[in-house]
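To start, the structure itself, in structure tokens.
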Amino acid sequence: MCCLQETHLRAPAYHLILEGILILWIIRLLFSKTYKLQERSDLTVKEKEELIEEWQPEPLVPPISKDHPALNYNIVSGPPSHSIVVNGKECINFASFNFLGLLDNPRVKAAALASLKKYGVGTCGPRGFYGTFDVHLDLEDRLAKFMKTEEAIIYSYGFATIASAIPAYSKRGDIVFVDRAACFAIQKGLQASRSNIKLFDHNDMADLERLLKEQEIEDQKNPRKARVTRRFIVVEGLYMNTGTICPLPELVQLKYKYKARIFLEESLSFGVLGEHGRGVTEHFGINIDDIDLISANMENALASIGGFCCGRSFVIDHQRLSGQGYCFSASLPPLLAAAAIEALNIMEENPGIFAVLKEKCKRIHKALQGISGLKVVGEALSPAFHLQLEASTGSREQDAKLLQEIVRQCMDRSIALTQARYLEREEKCLPPPSIRVVVTVEQTEEELEKAASTIKEVAQAVLG
């Protein structure tokens, strides 16, 4: 006891002050209230009713003008083939992605009709729940053989194909290097994957390699994490938003140099590029085994619905377990699968059709050069390219109105065009407004010349 008293007496004065403050603080915490009731006066019933009447909820969606183009449809009567009837007016079709003219082909329609009589209209079930028909397996087998891959898988919705394929492989923590001009379906797939996204400038291989090198340096700092992190490069064979072809040979070199995987979206290039229409791999003479996954829709060249992925068997089989659009959507209606098979038959029997399409693309691309106020965006080999304003007005809305006026006046002269549409609030890298021009094998030389001269005359009248 004596020792304790001596220790207490020897303690510095500031020590005693601090201890006293702490003791007082503890007492305050123990006995004080943690909150104070706010004083308020009770409202009368009348006042409550007035407040309720005045209250306005936040709008569910932002206000949209009634004259917004997306709310004012062009109504099509009959098949959107070479000739199309829009709002009761017959036009030459430069808007639909019917590249090979198979949409109204008698053989394709006969195959679809025979399948309709045999199987009925739809499937009413996903592939894993009595939704797998023999015609689905036939189509997958035909696609795999056509693309010269081990296996293929089909989806009932084109947009869902790459949007389902990406998150089936790339997960949280993985790294995806993607072109800034990637289409919206790719963007949605990346969003669903929750991976780490790194954007590189459009078709800029130097910028892509810069990102890959930076990641390589990061991996060296944490090799344990690097061993379990997968790296993907996602590109389009022929870009929907720019009409340009990806530099696939350089991409393949970077893939092996930095140990990444390539996903190639070929919705626009399948049935278009290459001697036999196999896409950008055939166009560049790249071994298809160098590409880890190829996807494409069947809604353009094949004139059907849905999409497919192809590659090695173990890669494709994983989608049958993890591809959301495959596992949870009703399978492709058999009549559309039969139509796609017949379209493939026609493509294989007539390989010269791709050379015809290429020449027509070059012809109109050349004819549209030098339009006052407009510039052609896209490569001469692309059957879908863009016309953009040479100089923006400074307002996206005003730019779109000018282009829409060109579209309207061209339609008055029996040339059907369309503006490229985007979900402006959703796009990662929003492209500038443009008119999209689509070339098909059915368009004659006279029609191509007429379209080019009409666009030039109308652009001159609208843009001055």
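The values are calculated or read from the model by the stated rules, or taken from the named source; none is laboratory data. Just so we're clear, the structure is a prediction, and the values are computed from it rather than from any experiment. Cβ: placed from backbone, ideal geometry, glycine included. Neighbour counts: every protein chain shown. When the accessible area is computed, the model is the full protein with side chains, heavy atoms only, and any ligands, DNA or RNA have been set aside. Shrake-Rupley method; radii C 1.70, N 1.55, O 1.52, S 1.80 Å.
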Computed on Cα atoms only, the convex hull of the chain has an orientation-averaged projected area in nm² of 39.6 nm²
Once neighbouring chains are kept in place and the probe is 1.4 Å, which whole percent of the accessible area of the range 291-349 is contributed by carbon and sulfur? 56 percent
Area accessible to solvent at Tyr422, 1.4 Å probe radius, in Å²: 40 Å²
Listed peptides 298-311, 207-220, 275-288 by packing density, highest first (mean Cβ within 10 Å): 298-311, 275-288, 207-220
Hey, if we sort Val228, Val108 by accessible area with the 1.4 Å probe, largest down, what's the order? Val228, Val108
Of Tyr169, Tyr130, which has the most accessible area with a 1.4 Å probe, and how do the rest follow in descending order? Tyr130, Tyr169
Could you give each residue of the range 349-356 its phi-based ³J(HN,Hα) in whole Hz, using Karplus coefficients 6.51, -1.76, 1.60 with θ = phi - 60°, and x for Gly or Pro? 6, 10, x, x, 4, 6, 5, 4
Separation of the Ala355 and Glu449 label points, Cα + 7 Å toward Cβ, nm: 2.3 nm
Where labels lie 7 Å past Cα in the beta-carbon direction, separation of Arg28 and Ile346 in nm: 8.6 nm
Using Cα-only point scatterers and the Debye equation, what is log10 of I(q)/I(0) for the range 85-203 at each q in 0.12, 0.16 Å⁻¹, rounded to two decimals? -0.73, -1.09
Could you state how much accessible area Lys89 has, in square angstrom rounded to the nearest 10, with a 1.4 Å probe and all protein chains kept in place? 70 Å²
Residue-normalised accessible area of the chain, expressed per residue, 1.4 Å probe, Å²: 54 Å²
Between His15 and Arg413, what length comes free when the chain is fully extended (0.36 nm per residue of separation minus the Cα-Cα distance, one decimal in nm)? 133.8 nm
What does the helix-only formula give at 222 nm for the chain: each DSSP H stretch with n ≥ 4 adding -39500 (n - 2.57), the total divided by the residues, and the result rounded to the nearest 500 deg cm²/dmol? -14000 deg cm²/dmol
In nanometres, what is the gap between the two model label sites at Ser65 and Asp317, each 7 Å from Cα along Cα-to-Cβ? 5.6 nm
Computed FRET value (nearest 0.05) for Asp141 with Thr393, which takes r as the C-beta separation and R₀ as 45 Å: 0.30
I'd like the accessible area for Asp174: 1.4 Å probe, protein heavy atoms, all chains in place, Å² to the nearest 10. 10 Å²
Working only with C-alpha atoms, what are the Rg and Dmax values of the range 106-349, expressed in angstrom? 18.2, 63
Provide Rg and Dmax in Å for the range 20-121, with only Cα atoms included in the calculation. 35.1, 98
Could you work out the pair-distance distribution P(r) of the range 329-400 from its alpha-carbon pairs, with 10 angstrom bin width and percents rounded to whole numbers? 16, 26, 24, 21, 13, 0
Given all pairs of distinct Cα atoms, the range 375-464 yields a Kirkwood Rh in Å of 13.9 Å
Quantify, in whole percent, the carbon and sulfur part of the accessible surface of the range 220-273 (1.4 Å probe; protein heavy atoms only). 52 percent
List the relative contact order of the chain as a percent without decimals, with contacts defined as Cα pairs under 8 Å and 6+ residues apart. 19 percent
From most to least accessible, 1.4 Å probe, no ligand or DNA/RNA atoms counted, Arg227, Arg413 line up as Arg227, Arg413
